[in-house]
Structures are given as structure tokens and as C-alpha cells.
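Below is one structure, written out as C-alpha cells; the observations come after it.
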Amino acid sequence: MLFRTATALIVAASAYCLPYCLAALFSHHRRRCKGLTVIRFDLLEARDANELNRLRHALSTDGFVHLVEHGTCPAPVLAAARAFFALPADIKARFSHPRKGFVPVNGCVNAVRPPALHEKFSCGRVSGVDRTDPYYCPYDSSPYGSVEEAQLYFGDENIFPDEVAAPCFQALYEGYYEAMEALVRSLHAAIAISLGLDEHFFEAALAKHVTNLAALHYPGGVAEADNLRVKPHTDPTTLTILAHEGGDASGLQVLAHTDDLTDRWVDVGRHADALVVNVGDLLKFWTNGHLTSTRHRVKGCMEPRLSLVYFCNPGYDTWIEAPPALCPHGPRARFVPFRSGDRSHFAQQARDQQGLPDRQLLSKRRER
Ligand SMILES: O=C(O)CCC(=O)C(=O)O
Ligand SMILES: [Fe+2]
């Protein structure tokens, strides 16, 4: 009898503890429910081993960090964007184009941002686009891809509001774009080192990057819960860098695994002077899943919201395949290699037109 009771107790205790034991086992990839890790960019630049380690750990668990001491200043660009969005609709409409410039409320199709809930201003690369290089040139047949692909990424010029409508807007926006280019290059180098790769591992692929910078304005008066400003998604990027007015990321939430193994939406929260940096799907696949692209969303809220988001993608011809150093269990990576351009946001728009599935669904099938 005593023996039976003891056995029953042990079985019950094991059943109770099992989830926690499993959680402990997989804790290196478990997202935390606490606040995001704060990473000092100046220490990454100094190749501080402890900070590089913290970066790798945070990006392999949460997939998101607050980045401080980054040396860039989004506040004036956010202020200029706020002033621009406050202009009358007919003036803003003068700086509009299907893929660049201003997009009004209800003006775009987007898989994750309901068009009714936001307006935006966006632009692509502001420098380094060499029209004599076939990669950037939508004319002759190119060794990099189809003519249409060069046209898709580089066919349209950026469009900016003029000085009368929005004084200094273009200079501020372009200056911030170049600051983001430099920052993202350095972050990729730091990530490469933190994973034991050559510091230049990502460099060539980033040289012909296909990035864009979007100012997103979500007007106020949207009641909470059902009216998500941004639906749950992972980003199609290598890295995304977000700035918020006053450092307040209110509304932005990440999906965290908690100690009781349930998923919960956790606020990114406020951190003065911090940029929010997150891993996108490309970097997850490229690092063989060592880094994680975490689902995130933006809640509805009565307050308006303004964010400035830099989306980083490498050249559209980049082959995304994990290096052998990150495949410790044999020559094969966990994910099927693919060409970067085939998974971009633009490629998704083309897929939508052909009635093909969302990239979020495709990504699930990538695992071998
Ligand atoms: O507006 C934001 O803060 C987040 C937007 C976002 O997650 C995205 O566009 O991918
Ligand atoms: Fe996102």
C-alpha cells in the first residue's frame, strides 16, 4: 500500500514537473516574459565579449532587443513626419506614388497592416544605386534576375514632399536612412562575430541591399482588442529597426513563451533613447534557426501612434543558406535554401495577385 502510494506520488510529481523540466531543457530558445534585454551598441562596436554574448542570447530567445548608445537620432525625423502627416489630405496626396512616398489611409494593400488603420510615408535607398550596374537597371537582361525584378525594386525614384509643404523633411529622412544603413551593417557584423562567423560574413550580400524606411502613422480613436493596428506576423527581413516617439513603444507586443509553457503577448514597453531591433525570417533561416524571428503585433489604442521602421533585406539575388559552421549536426541546414528576393514583401504582393499563399504560410513549409 505504502509502495503504491509512493509510486503514485512520484508519477504525479513527474507529470506536474515534466513541462518545467522540458522548459528548462529548451530554455536556450525560450522567450522570456520579462522586459527586453537592453544592448549597448558602443560595447558591440568595441567587440566587448560579454555584450556580444548578451546580444546573441537575446536574439536567439526573444528575437528583439532595446538598443541604446547607438549614436543615431530619430527624434527630428519623427517630428518632421508628425508635421507632414498633420498636413491637409490634398497636399499630402501630391507626394504619392503606388510604391513610394505618401500612402493615405485605405491607400494600400498590406497583409499585416489593415489599410483603414494607418497612413504611411516610405522610401527606398537614397544613395549608392548605380544605374549602370545591371543589378539596379531594369533594361538589359541581367545576370542577377529578371528585368522585372530590377524594375520592381529600383524602377521607381523616391518621391519626397517639397520644402514649402514640409521644410527639411527630405534632408532629415535621407540622413536618417544613411545612419540606419551604417547601423544595420555594424549590427550584422556584431551578430556574425557573436555566432563565431567571420565579421564580414554578411557584408557582400548587404552591399546591394533592398531596404526601405517607412514612417507609419496610426490615427487615434481605435478601441483596443479586436482592432489590431498590425496583425501578428514575423518580418520578412534580416533585421528591422524601429524608432518610436519619445521611445514609447506602446502598443507593440511580442509573443513570449512563459514559464507555464503558454504563449502570451508582452508589451515591448518604453525605453528612453532606445531603438527596438528585431530579427526577421531571413536572418533566422540564414543562421539555421540560431536566431529567432518572433511574432509581434500592434494593439489598437485610443491614442495615435507614430513609428519609424527601417526594414533591412540583402541584395535580392542573395542565396539564403546557413553556413556549415552553424550546422553542427551534419552538412544539411534545417531549412531549404532560397533566394532572398523570392520572399520579399514585393514578391508577396505578386503572389497575392496570382492567388498564391501568404509568405507566412510558406515559411512554415521551409523546415525540412
Ligand atoms: O508600427 C510598428 O511599430 C510596427 C510595424 C511592424 O511590425 C511592421 O510593419 O512590420
Ligand atoms: Fe513587423
Problem - Flag if Val210 is of a type in the set (A, V, I, L, M, F, W, C), under 30 Å from Pro114 (Cβ atoms) and either away from ligand 1 (no atom under 16 Å from the Cβ) or at pLDDT below 95 (or both) - result: yes
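Per-residue answers, yes or no, for (1) modelled with pLDDT of 95 or more; (2) hydrophobic (A, V, I, L, M, F, W, C):
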{"position": "Phe26", "(1), (2)": "no, yes"}
{"position": "Phe41", "(1), (2)": "yes, yes"}
{"position": "Leu55", "(1), (2)": "yes, yes"}
{"position": "Pro74", "(1), (2)": "yes, no"}
{"position": "Val77", "(1), (2)": "yes, yes"}
Handout entry: Single residue of region 180-225 satisfying the filter (β-branched (Val, Ile, Thr) and not in a loop (DSSP other than H, G, I, E, B)) that is surrounded by the fewest Cβ atoms within 10 Å (Cβ to Cβ)
Key = Ile193
Exercise for the section: Only one of these is basic (Lys, Arg), farther than 20 Å from Leu59 by Cα and away from ligand 2 (no atom under 14 Å from the Cβ): Arg270, Arg332, Arg264. Name it. Expected result: Arg332
Practice task
Could you please find all residues in region 74-129 being within 16 Å of ligand 2 (Cβ to nearest atom) and in contact with a helix residue (DSSP H, G or I) (Cβ under 6 Å, 6 or more places away or on another chain)?
Solution key: Cys108
Practice task
Please tell me if Tyr144 is among the aromatic types (Phe, Trp, Tyr), part of a loop (DSSP other than H, G, I, E, B) and modelled with pLDDT under 95.
Solution key: yes
Practice task
Output the number of residues of region 273-327 satisfying the condition of being part of a strand (DSSP E or B) and of a type in the set (A, V, I, L, M).
Solution key: 9
Exercise for the section: State yes or no: is Arg125 closer than 26 Å to Glu51 by Cβ, basic (Lys, Arg) and more than 16 Å from ligand 1 (Cβ to nearest atom)? Expected result: no
Practice task
Name the single residue, out of those in region 99-126 being in a loop (DSSP other than H, G, I, E, B) and free of Cβ contacts under 8 Å to residues at least 12 places away in the same chain, that is nearest to Glu174 (Cα to Cα).
Solution key: Asn110
Handout entry: Residue pairs meeting the criteria (Cβ under 9 Å; at least 6 apart or on separate chains; first within 6 Å of ligand 1 (Cβ to nearest atom), in region 225-242; second small (Gly, Ala, Ser) and modelled with pLDDT of 90 or more)
Key = Asp235/Gly280; Asp235/Ser293; Leu242/Ser307
Handout entry: Index of the failed condition, Tyr177 passing every other in (1) in a loop (DSSP other than H, G, I, E, B); (2) touching a strand residue (DSSP E or B) at 6+ places or on another chain (Cβ under 7 Å)
Key = (1)
Exercise for the section: Taking the options Ala179, Ala165, Ala116, name whichever one is among the aliphatic types (A, V, I, L, M), under 27 Å from the mean Cα position of the chain (by Cα) and either at pLDDT 95 or above or over 30 Å from Leu228 (Cα atoms) (or both). Expected result: Ala179
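The values are calculated or read from the model by the stated rules, or taken from the named source; none is laboratory data. Because the structure is predicted, anything quoted here is derived from the model rather than measured. Glycine gets a Cβ as well: all are built from the backbone with ideal geometry, and neighbour counts include every protein chain shown.
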